[in-house]
1. Could you tell me whether residue 129 is part of a helix (DSSP H, G or I), in contact with a Lys or Arg (Cβ under 9 Å, 6 or more places away or on another chain) and surrounded by 15 or more Cβ atoms within 10 Å (Cβ to Cβ)?
2. Would you pick out the residues in region 108-120 that are of a type in the set (Ser, Thr, Tyr) and either surrounded by fewer than 17 Cβ atoms within 10 Å (Cβ to Cβ) or touching a Lys or Arg at 6+ places or on another chain (Cβ under 7 Å) (or both)?
3. What is the residue count in region 158-168 for residues that are free of Cβ contacts under 8 Å to residues at least 40 places away in the same chain and surrounded by 15 or more Cβ atoms within 10 Å (Cβ to Cβ)?
4. Any idea which of (1) surrounded by 15 or more Cβ atoms within 10 Å (Cβ to Cβ); (2) farther than 21 Å from residue 43 by Cα is the one residue 79 doesn't satisfy?
5. In region 132-150, what residues are assigned to a helix (DSSP H, G or I) and under 15 Å from residue 176 (Cα atoms)?
6. Is it true that residue 84 is touching a Ser or Thr at 6+ places or on another chain (Cβ under 8 Å), surrounded by fewer than 16 Cβ atoms within 10 Å (Cβ to Cβ) and more than 22 Å from residue 182 (Cα to Cα)?
7. If I filter region 21-63 down to residues being of a type in the set (D, E, K, R) and either modelled with pLDDT of 95 or more or assigned to a strand (DSSP E or B) (or both), which single residue comes out as nearest to residue 169 (Cα to Cα)?
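The values are calculated or read from the model by the stated rules, or taken from the named source; none is laboratory data. A quick note: this is a predicted structure, and the numbers were derived from the prediction, not measured. Don't worry about glycine lacking a Cβ; one is built from the backbone with ideal geometry, like all the others, and counts go over all protein chains shown.
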Amino acid sequence: MDVDRFEIRLSGSGGQGIILAAIILAEAAGIFEGYHVSQTQSYGPEARGGRCKAEVVISSRQIDYPKAVQLDMMLAMNQASCDAYCFDFKPNGLLLVDSGLVEQVPTSRAVFLPFTKIAREVAGKDLVANIVALGALGYFCPLLTNKNLEAALTARVPPETVKINSKALQAGFKAAEEFDLNSLPRSIIPEEEEEI
């Protein structure tokens, strides 16, 4: 698929595995799908427990600016990161949030999925919530295949954790598959403004 710029921002708390999820996403797009990719990250001063975000820019061409400017997709793993980083959306941008940790969103184009709850069901702990969320993000991203996202995950995580992470990724795919994207408004810009 030819794409000029596709921008994704992942956000949450330090320690939630946001950076790892962004690296896997970038490697899936760059190494396995063959796109040009830029991946950046930033932590709040508190580091673990503080807000953190990571961005992935994907393009069919060389990337002239490495940071996200207008988001196609965003993941928010908690309310603080949603409040801090949820801006710069394209009119049809999509926000994915952990429904157990985020209640208020600034857009009607939001997908609420219980990433942490699913992680507990799959692994008995919250630790793989980032990978569940990555599966959902990958499912909704038109530039990635589930197969290549899984290949990138397998190549990146420690060998002894591949099985549980793969299970978490599959659970994320499944949760996303069950969500009806057609139930969301087509765009966050009112119809009359779109026609101008």
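1. On the way: part of a helix (DSSP H, G or I): yes; in contact with a Lys or Arg (Cβ under 9 Å, 6 or more places away or on another chain): yes; surrounded by 15 or more Cβ atoms within 10 Å (Cβ to Cβ): yes.
For residue 129, the condition - part of a helix (DSSP H, G or I), in contact with a Lys or Arg (Cβ under 9 Å, 6 or more places away or on another chain) and surrounded by 15 or more Cβ atoms within 10 Å (Cβ to Cβ) - is met.
2. Restricting attention to region 108-120, the residues satisfying the condition of being of a type in the set (Ser, Thr, Tyr) are 108, 116.
108 - this is the single residue of region 108-120 that is of a type in the set (Ser, Thr, Tyr) and either surrounded by fewer than 17 Cβ atoms within 10 Å (Cβ to Cβ) or touching a Lys or Arg at 6+ places or on another chain (Cβ under 7 Å) (or both).
3. Step one: list which residues in region 158-168 are free of Cβ contacts under 8 Å to residues at least 40 places away in the same chain, which gives 158-163, 165-166.
Of the ones still in play, those that are also surrounded by 15 or more Cβ atoms within 10 Å (Cβ to Cβ) are 161-162, 165-166.
Adding up the residues that qualify gives 4.
4. Here residue 79 clears every test but (2).
5. To start, the set of residues in region 132-150 that are assigned to a helix (DSSP H, G or I) comprises 132-140, 146-150.
Those that are assigned to a helix (DSSP H, G or I) and under 15 Å from residue 176 (Cα atoms): 132, 133, 134, 135, 136, 137, 138, 139, 140, 146, 149.
6. Details: touching a Ser or Thr at 6+ places or on another chain (Cβ under 8 Å): yes; surrounded by fewer than 16 Cβ atoms within 10 Å (Cβ to Cβ): yes; more than 22 Å from residue 182 (Cα to Cα): yes.
Yes, satisfied.
7. Within region 21-63, the first condition is being of a type in the set (D, E, K, R), and the residues that meet it are 27, 33, 46, 48, 51, 53, 55, 61.
When the remaining residues are screened for being either modelled with pLDDT of 95 or more or assigned to a strand (DSSP E or B) (or both), the result is 27, 33, 48, 51, 53, 55, 61.
Values: 27: 15, 33: 18, 48: 24, 51: 23, 53: 20, 55: 20, 61: 28 Å.
Residue satisfying both the conditions and the ranking: 27.
One line per residue, one yes/no per condition, for (1) in a loop (DSSP other than H, G, I, E, B); (2) surrounded by fewer than 16 Cβ atoms within 10 Å (Cβ to Cβ); (3) touching a helix residue (DSSP H, G or I) at 6+ places or on another chain (Cβ under 9 Å); (4) of a type outside the set (Lys, Arg):
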position: 101; (1), (2), (3), (4): yes, no, yes, yes
position: 106; (1), (2), (3), (4): yes, yes, yes, yes
position: 122; (1), (2), (3), (4): no, no, yes, yes
position: 152; (1), (2), (3), (4): no, no, yes, yes
position: 155; (1), (2), (3), (4): no, yes, yes, yes
position: 170; (1), (2), (3), (4): no, no, yes, yes
